[in-house]
1. Can you report the number of residues in segment 105-152 which are assigned to a helix (DSSP H, G or I), small (G, A, S) and open to solvent by 10 Å² or more (accessible area, probe 1.4 Å)?
2. Does N174 satisfy the criteria of being at pLDDT below 85, on the phi < 0 side of the Ramachandran plot and open to solvent by 90 Å² or more (accessible area, probe 1.4 Å)?
3. Failed condition for P102, given (1) assigned to a helix (DSSP H, G or I); (2) more than 28 Å from I245 (Cβ to Cβ); (3) in contact (Cβ under 8 Å) with a residue 12 or more places away in the chain, with all others met?
4. Give D205, D253 a once-over and let me know the one that is assigned to a helix (DSSP H, G or I) and modelled with pLDDT under 95.
5. Looking at the structure I just gave you, is I179 in the same structural domain as K241 (by the TED database), open to solvent by less than 40 Å² (accessible area, probe 1.4 Å) and either over 27 Å from E213 (Cα atoms) or assigned to a strand (DSSP E or B) (or both)?
Amino acid sequence: MKSRSQDLSLSDSRELDRSYDPLTGNPPSRPAKKTLKQRFLKLLPCYHSGSRSSDIQKSIADEGELSTVHHRPVGLDRLVQQTKFNKKELQVLYRGFKNECPSGVVDEETFKSIYSQFFPQGDSSMYAHFLFEAFDTHNNGLVSFEDLVLNLSIILRGSITDKLNWVFNLYDLNKDGCITREEMTDIMHSIYSMMGKHTYPSLKDAAKDAPKEHVDSFFQKMDKNKDGVVTIEEFLETCQKDENILQSMHMFDNVI
């Protein structure tokens with residue numbers, strides 16, 4: 001006989017993907033036309049459309065390894081409390097995530113492979129690595145649905161301070177509470193590599209000096225006490241006074 005906790009967990013999972021109506025217990029009505037929320041899922045790291053045959057075979061092999069995980073998400077009500085998404089939005093996000101990632105998790109190699117499809121003109125592997133580590137909140141080498149929505153909630157719905165803290169954490173590669181020149185140099189090189197010929201100035205035109213110039217500019221603006229590192233306090237103080245940065249923080253406000 002199943003325990004009560006198992007029944008509740010199953011109920012929560014079914015409520016997330018709307019495999020039943022939590023109010024009536026009946027199957028949901030016929031799904032409506034794809035919404036912006038669903039289309040946005042195509043930008044997330046489980047979208048396999050357009051993959052080449054070899055990529056698909058590798059994905060199947062990877063999925064076979066991940067299939068033993070079968071991560072079950074926490075309950076819908078809890079995610080509503082933890083994020084700034086409502087029930088309907090979470091159900092749409094989970095349904096898409098579950099369809100593309102039946103195991104309930106995505107590993108770094110899959111993340112990199114999918115992310116590279118959006119930057120075919122360059123090499124996005126290093127930036128995708130940094131991004132994956134920011135999403136991998138449990139540091140277990142996997143991104144679950146909870147990891148995904150908790151991070152998306154900050155990026156899309158968080159306050160300016162929340163978003164800036166998230167960006168700082170992305171740049172703080174070793175998570176020691178400050179950004180060093182070496183870390184910022186790695187970030188800038190990863191961005192230039194990812195953008196390829198679309199960077200300005202391009203790597204070809206500026207040789208290898210452009211990333212260094214960006215790092216120098218970053219530290220000149222952010223490193224208030226000139227000690228060679230940027231703390232979260234310095235980062236927040238500078239960003240909150242920069243109109244261009246503040247406007248960029250609103251870029252994704254209406255995506256979902």
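The values are calculated or read from the model by the stated rules, or taken from the named source; none is laboratory data. Quantities reported herein were computed from a predicted structural model and do not represent experimental measurements. Heads up, the Cβs are rebuilt from the backbone with ideal geometry, glycines too, and the neighbour counts pull from every protein chain shown. Remember, those area values only see protein heavy atoms, side chains included, never the ligands or the DNA or RNA. Shrake-Rupley method; radii C 1.70, N 1.55, O 1.52, S 1.80 Å.
1. Selection size over segment 105-152: 3.
2. no
3. All conditions are met except number (1).
4. D205
5. Yes; evaluated as a whole, the condition is true for this residue.
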